[in-house]
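Have a look at the structure below before the remarks.
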């Protein structure tokens, strides 16, 4: 998933114009979530899921940071829904 930044970040001779998120979360993303709280947690998750350094994420303008948080929230909610589906299927296959 690609998030185009409303306020691109200058990075030396280049400019970061978008963040590209993986289509899934990994255990390492949840580890970042577990170690920190609040905004630091969100920064760590966004960095982990985009393969971007946290110091770059810290430079995002507020509107871009909030948009990135929404992408993370959506991906994590999809994981939760998938986990719930797996639990429901498991219960159905258990003998009564």
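The values are calculated or read from the model by the stated rules, or taken from the named source; none is laboratory data. These numbers come from a predicted model, not from an experiment. Every residue, glycine among them, receives a Cβ derived from its backbone with ideal geometry; neighbour counts consider all protein chains shown.
Residue under question is residue 39, and the condition is that it be surrounded by fewer than 14 Cβ atoms within 10 Å (Cβ to Cβ) and part of a helix (DSSP H, G or I); does it hold?
Criteria met by residue 39.
Is it the case that residue 30 is out of contact with any helix residue (DSSP H, G or I) (no Cβ under 6 Å at 6 or more places or on another chain), surrounded by 14 or more Cβ atoms within 10 Å (Cβ to Cβ) and not in a strand (DSSP E or B)?
So residue 30 passes the test.
Can you tell me which condition residue 91 does not meet? The list is (1) assigned to a helix (DSSP H, G or I); (2) modelled with pLDDT of 85 or more, and all the others hold.
Among (1) assigned to a helix (DSSP H, G or I); (2) modelled with pLDDT of 85 or more, the lone unmet condition for residue 91 is (2).
Among the residues of the range 71-86, count how many are surrounded by 11 or more Cβ atoms within 10 Å (Cβ to Cβ) and under 11 Å from the mean Cα position of the chain (by Cα).
Adding up the residues that qualify gives 6.
Between a residue in the range 41-59 that is closer than 10 Å to residue 29 by Cα and any residue that is part of a loop (DSSP other than H, G, I, E, B), which pairs come within a Cβ distance under 6 Å, given they are 6 or more apart or on different chains?
44/36; 49/21; 49/22
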